[in-house]
Amino acid sequence: MIRKFEKKDRKIYMEMAREFYHSDAVLEPVPDIHFEKTAEEALRPGGFTKIYILEYDNIPVGYGLTVKNFSQETGGIQAWIEEIYIREAYRSKGLGKEFFTYIEENKEDDVIRLRLEVEEDNTRAIEFYKKMGYKELEYIQMIKDF
């Protein structure tokens, strides 16, 4: 089951976000304060960020995180699927597919594109995303932190 993040989920979300950011799926860990800020934004009415809790037999076993922004490239609003994390023991049980289906079926009317990023060597995830209808973009992403 997929459901929207609630205040009561803060502790389990923080725990799973730490797990995700200490896994091979990301390049480097981030400070816990970033998870706190993300949770606050997700709970803020009208916020750009949404967190979803993925449950298996009513147990929280993963989360998904989306962020909305305007894109000139698409001429409208796109939602970035910033993160999807499912604990190892619950992978390959259909939760990823359920999450992506939920996101598509429950997207806000103004969202005209879903977008995500994935590590090049995460071939399992890449194949899954392709099966879900995503295609690769030939971009190199660059950042500058302040």
Residue that is among the β-branched types (Val, Ile, Thr) and without any contact (Cβ under 8 Å) to a residue 24 or more places away in the chain, where the choices are Val61, Val118, Val111: Val118
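Can you find a residue in region 65-72 that is over 23 Å from Asp145 (Cα atoms) and surrounded by fewer than 16 Cβ atoms within 10 Å (Cβ to Cβ)?
Pass one, region 65-72, residues over 23 Å from Asp145 (Cα atoms): none.
Scanning region 65-72 turns up no residue that is over 23 Å from Asp145 (Cα atoms) and surrounded by fewer than 16 Cβ atoms within 10 Å (Cβ to Cβ).
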All positions within region 103-146 that are more than 24 Å from Gly75 (Cα to Cα) and among the aliphatic types (A, V, I, L, M): Ala125, Ile126
Count of residues meeting criterion [of a type in the set (Val, Ile, Thr), in contact with a helix residue (DSSP H, G or I) (Cβ under 9 Å, 6 or more places away or on another chain) and without any contact (Cβ under 8 Å) to a residue 24 or more places away in the chain] in region 11-48: 1
Within region 46-60, considering residues that are at pLDDT 95 or above and hydrophobic (A, V, I, L, M, F, W, C), the one surrounded by the fewest Cβ atoms within 10 Å (Cβ to Cβ): Ile59
Residue check, Lys11 surrounded by fewer than 16 Cβ atoms within 10 Å (Cβ to Cβ) and either touching a Pro at 6+ places or on another chain (Cβ under 7 Å) or modelled with pLDDT of 95 or more (or both): yes
In region 26-64, the residues that are more than 16 Å from Ala89 (Cβ to Cβ) and aliphatic (A, V, I, L, M): Val26, Leu27, Val30, Ile33, Ala39, Ala42, Leu43, Ile51, Ile53
Residue that is surrounded by the fewest Cβ atoms within 10 Å (Cβ to Cβ) [pool: residues in region 87-146 that are among the hydroxyl-bearing types (Ser, Thr, Tyr) and modelled with pLDDT under 95]: Tyr139
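Here is a yes/no grid of residues against (1) polar (S, T, N, Q); (2) under 19 Å from Glu6 (Cα atoms); (3) in contact with a strand residue (DSSP E or B) (Cβ under 9 Å, 6 or more places away or on another chain):
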{"residue": "Ala42", "(1), (2), (3)": "no, yes, yes"}
{"residue": "Gly75", "(1), (2), (3)": "no, no, yes"}
{"residue": "Trp80", "(1), (2), (3)": "no, no, yes"}
{"residue": "Glu83", "(1), (2), (3)": "no, yes, yes"}
{"residue": "Tyr90", "(1), (2), (3)": "no, no, yes"}
{"residue": "Lys107", "(1), (2), (3)": "no, yes, yes"}
{"residue": "Glu127", "(1), (2), (3)": "no, no, no"}
{"residue": "Met142", "(1), (2), (3)": "no, no, no"}
Per-region count, region 64-84, residues polar (S, T, N, Q) and in contact (Cβ under 8 Å) with a residue 60 or more places away in the chain: 0
Residue selected from region 19-41 under the condition among the aromatic types (Phe, Trp, Tyr) and out of contact with any Lys or Arg (no Cβ under 8 Å at 6 or more places or on another chain), by the criterion nearest to Ile84 (Cα to Cα): Phe20
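The values are calculated or read from the model by the stated rules, or taken from the named source; none is laboratory data. Just so we're clear, the structure is a prediction, and the values are computed from it rather than from any experiment. Counting neighbours? That spans all protein chains shown, and the Cβs are built from the backbone with ideal geometry, glycine included.
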